[in-house]
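Each remark here refers to the structure printed beneath this line.
Please treat every number below as a calculation from the coordinates, not as lab data. Bear in mind the structure is a predicted one, so any value in this text is a computation, not a measurement. All Cβ positions, even for glycine, are placed from backbone atoms using ideal geometry, and neighbour counts span all protein chains on display.
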Amino acid sequence: MDSYELAWAAGFFDGEGWANTTLMGRGDKKRPQARVNQAGTSGVPAALTRFQKAVGGLGRLGGPYRHEGREDLYSWTVSSKVDVQRLFELLRPWLCQPKLDQLTATQSIPRLAAGAVDRRDEWRAWAAGLYDGEGSTYLLEHRSHAGYSIAEARITQGSKSDVPEVLTRFRAIVATGSIYGPYFQEGARLPIYRWHCSIFADIDRMLSVIWPWLGDVKRSQGSVVRAVVNAQLPLPRGRPEWGNRKTHCVHGHEYATARIRPFVARGDGKLPRDSEQCLQCAREQARERRAQRKRIRDDINGGSVSEPAVNYYYLLK
C-alpha cells in the first residue's frame, strides 16, 4: 500500500474519525467499531471513497443520513474485531494520541505512545489529510477597502482539556499560523480550538506544503483564494480619508520643513517598517519628557508630600 496515502488517511481519521466498543444485541459481549463521518451535498464525499481506497478497500460506506437544517451525512465504518485491528495496523505510525488510545482500547492492548512529527513528506501527507477533513480556505471582504478581499485559513477542533494535538502537529509541519481558544460555542459539546492563519503569504506557503496530497475540494478552495488575491492590485498604505499621503502631521507640522525620520525597530532584529515620524513632534515629545523629569526632581528635593517618593522612582528611570 502507498505509505503517503496511509499517512493522509491517518490525518483524515485524526480529524474526522473515532473508535469504540459497542454491545452486540442483548448480550454483554462487546465488539469494536471505527467510523469516519463526512458531510456532502452531492453524494458520497470523495474524501470518504479515497479513505476507503487508502486502507485497501476496508469497511463500508453508508448514508445519506438526513437531519433537518443540516447537510446530508455519509460514513465509512468497520465493525468487526479483525477489521478494526487491520485499520489500527495500517494507520498506527501516524495517528495522534487520542485516536491511538481509542483504537488500542478496542484491541485490549497496552497504551502506545504516538510518534513524533517532522517535516518529511509522509507527515506533510498526514497534514493534508487533516486539512481535507477539518480545514478550510476562504475569502472575506476587506474591512476598510471596498472591493478587496482578504484570505483566511483555519482548522477547528474540540477538546475537553487542552489544545488538541492535531492542531499543534499541523502547525509544526506547516510552520505557520497560530492556535486560539478555547471558545465556548452554542451547540458544541466540547470547548473549541482553532489553528488560524490570515496572512496571505503564509496561507500560500501552507498550501504549497500540503498541496501534493490535498484533495480536490480543498485544492479548489485554495485555487480560488490564490487567484482572487493575486489578481488584486497592491493596497496603498493607510486610507486617503484618514490622511494617507498627507503633507502635515496630526499636530500641523509640515513634513517638508519638519523633515521625516524613518521608523526603526530596536532590539528585536526586525527590518525597518515603511512608516514615518515627524521629527519636530519627536523633539517636542522629548523636550516634554525632560521637563517632566525635572519637575519630579524639584518636587522630591523640595520635600513635597503630594505623592510618596517611591512613586517617582519609576518615572525617573
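Worth pointing out:
- Under 5 Å, built H, 5+ apart or other chain: amide partners of Ser149: His142
- Difference of contour (0.36 nm per residue) and Cα-Cα distance, Ala46 to Arg287: 80.0 nm
- The equivalent ellipsoid of segment 1-82 has semi-axes of 22, 20, 10 Å, largest first, where each one is the square root of 5 times an eigenvalue of the Cα gyration tensor.
- Inter-label distance for Ser144 and Arg205, nm, one decimal - labels placed 7 Å from Cα along Cα-to-Cβ: 2.5 nm
- Distances between placed amide hydrogens fall under 5 Å for Ser136 paired with Arg154, all partners being 5 or more residues away or on another chain.
- Backbone N atoms of segment 29-45 closer than 12 Å to the 7 Å Cα→Cβ label point of Lys81 belong to residues 29-32.
- Derived scalar couplings between HN and Hα for segment 129-134 equal x, 4, 5, 4, x, 10 Hz in order, rounded to whole Hz, by the Karplus curve 6.51 cos²θ - 1.76 cosθ + 1.60 (θ = phi - 60°), x for Gly and Pro.
- Arg154/Asp118 FRET efficiency (R0 22 Å; Cβ-Cβ; nearest 0.05): 0.40
- You can think of it this way: the chain between Ser198 and Arg60 has 45.9 nm of extra reach, that is 0.36 nm per residue less the Cα-Cα gap.
- For segment 9-18, 3J(HN,Hα) per residue [Karplus equation, 6.51 cos²θ - 1.76 cosθ + 1.60, θ = phi - 60°, Hz, x = Gly/Pro]: 4, 5, x, 5, 5, 4, x, 10, x, 7
- Distances between placed amide hydrogens fall under 5 Å for Leu214 paired with no residue 5 or more residues away or on another chain.
- Descending by average beta-carbon neighbour count within 10 Å, the peptides 127-135, 87-95, 37-45, 62-70 line up as 127-135, 87-95, 37-45, 62-70, the highest first.
- Ordering of 222-233, 1-12, 155-166 by packing is 1-12, 155-166, 222-233, highest average first (other Cβ atoms within 10 Å, averaged per residue).
- Proximal charge balance of Lys294 [Cβ under 12 Å; K/R count +1, D/E count -1]: +3
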